[in-house]
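Report on the following structure.
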Amino acid sequence: MRLVVLLWLLLASLALPCLGSDAAPPVRKLRDITIYSNDKFYCAFPSIVVRRDGELIVAFRRAPERRAFGETGVTHTDANAYLMLTRSTDAGQTWSSPEVLFAHPLAGSQDPCMVQLKNQSLICTSYAWAWVQTSAIEKMKQAVHYGNFVFLGGYLLRSEDRGHHWEGPISPAPCEGETARDIYGEPVPAYNRGAMCEGKDGRLYWVIASNTSTNSRQTETHLMISADQGRTWKYSCPIAQEEKFSINETSLYQTTKGDLVAFMRTEGFNDHTIVARSTDNGKSFEHWIDAGFQGHPHHAIQLPDKRVLLVYGYRHAPYGVRARVLDPECTRFDGPEIALRTDGGNGDLGYPWAALISRKRALVVYYFNKEDKTRHIAGTFLEIE
């Protein structure tokens, strides 16, 4: 009898789907495309939404290609960095000439993180860096600066007409205990790079980065919640904080059962992805776990069968973009890693954002470079098994 039971258990285990590295990938790469490229501009940090009529809208950050001016390199801070927008009405085959989404009146803007609400309105978050003379920066207390650029914190934009016109900038409240100050000496408004989440309860959930300790340079993550579609925000709770490494750029995803899952970027933790979960509608988060793989930052979308497509940049050789398909509740991370791109010129690439454009096809957008040439907005079509 014992032998029969053991044989039955063995056969049952063989029938289970393989989630290890040898399992067949549940999505298949079709082809890569270039969405926008111009030798005069450094383009990066895209996000994408799909309208009900099938129109695709991609937002991205565009700045001058400074090397074309004779400068020695490129950076992620530029006084002439604008938010741009391009559209496709043929499922991503062709794209419109980019138009200016927003030009900040005081500074250069960064990552436009665009999300579409259930009522079809659009919200785009970003943050800004202002160029300031060195002598002025020396007088500032607790201002975050990178060279001659001082951090202004985050802001939001809103559109009710398919992204043709935008309201803003809307300044969200600072994180509770925020120690970083802007050029006016005020706590910087809440900020981060990553997708917010419209919950099943109609509220907006947004993971922000912050530094609430005057004795540490490490950023941590916190949750802000809006009950009025992003017009005002209230602090909810801390998510993840560590003394030895920074935690920042985060995308939030709500599972079929209602858990909020935060996919977080780390710096100083060998680029490992970490994940934290809330089972009480954002009142608190369980302690983060190491997902066991390198990648940053992340974006997650639900597939038609409720599984979750997680995409992320890969800034180690071979440089590129990767993906995994997770179970509907995002409890396991040991499934096969899918290489979308492995031909990047260096680590200055990635920041992918995914969208489901049909039941059998997804489009992942990101920024890319080959041989360290001008950064451009690219994409990869995926077939969903």
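The values are calculated or read from the model by the stated rules, or taken from the named source; none is laboratory data. All values reported here derive from a predicted model rather than from experimental measurement. A quick note on method: Cβ atoms are made from the backbone with ideal geometry, for glycine too, and the neighbour counts reach across all protein chains shown.
The figures follow:
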item	result
Any hit, the range 87-98, residues being under 30 Å from Val207 (Cα atoms) and not in a loop (DSSP other than H, G, I, E, B)	yes
Of the criteria (1) buried (at least 17 other Cβ atoms within 10 Å of the Cβ); (2) under 22 Å from His145 (Cβ atoms); (3) of a type in the set (Val, Ile, Thr), which one Thr75 fails	(1)
Selection status of Pro64, in contact with a Leu (Cβ under 9 Å, 6 or more places away or on another chain) and of a type outside the set (Val, Ile, Thr)	no
Some residue of the range 187-208 being within 30 Å of Lys139 (Cβ to Cβ), in contact (Cβ under 8 Å) with a residue 60 or more places away in the chain, in contact with a strand residue (DSSP E or B) (Cβ under 6 Å, 6 or more places away or on another chain) and not in a loop (DSSP other than H, G, I, E, B)	yes
Extreme residue, farthest from Ala44 (Cα to Cα), among residues of the range 114-157 that are in contact with a helix residue (DSSP H, G or I) (Cβ under 8 Å, 6 or more places away or on another chain) and touching a residue at least 24 places away in the same chain (Cβ under 8 Å)	Ala143
Residue tally, condition farther than 14 Å from His76 by Cβ, over 24 Å from the mean Cα position of the chain (by Cα) and assigned to a loop (DSSP other than H, G, I, E, B), over the range 107-147	7
Residues of the range 87-106 classified as over 27 Å from Cys197 (Cβ atoms) and among the small types (Gly, Ala, Ser), total	3
Filtered residues of the range 107-128 (kept if of a type outside the set (Asp, Glu) and closer than 14 Å to Arg193 by Cα)	Ser109, Gln110, Pro112, Cys113, Met114, Val115, Ile123, Cys124, Thr125, Ser126, Tyr127, Ala128
Unique match (being modelled with pLDDT under 95, surrounded by 14 or more Cβ atoms within 10 Å (Cβ to Cβ) and of a type outside the set (D, E, K, R)) among Gly92, Gly154, Gly177, Gly147	Gly177
Selected residue [basic (Lys, Arg) and within 21 Å of the chain's Cα centre (by Cα)] from Arg62, Arg67	Arg62
Inter-residue pairs, beta-carbon under 6 Å, first among the basic types (Lys, Arg) and in the range 158-172, second loosely packed, with under 15 Cβ neighbours inside 10 Å, 6+ apart	Arg158/Glu167
Which listed residue, of Thr219, Thr212, Thr256, Thr250, is farther than 22 Å from Pro297 by Cβ and polar (S, T, N, Q)	Thr256
Strands (runs of 3 or more DSSP E) contained entirely in the range 215-306, each with at least 3 residues that are under 20 Å from Pro172 (Cα atoms) and modelled with pLDDT of 95 or more	220-226, 234-240, 246-254
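To keep it simple, each residue is scored yes or no on (1) out of contact with any strand residue (DSSP E or B) (no Cβ under 9 Å at 6 or more places or on another chain); (2) at pLDDT below 95.
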residue: Leu11; (1), (2): yes, yes
residue: Pro26; (1), (2): no, yes
residue: Cys43; (1), (2): no, no
residue: Val58; (1), (2): no, no
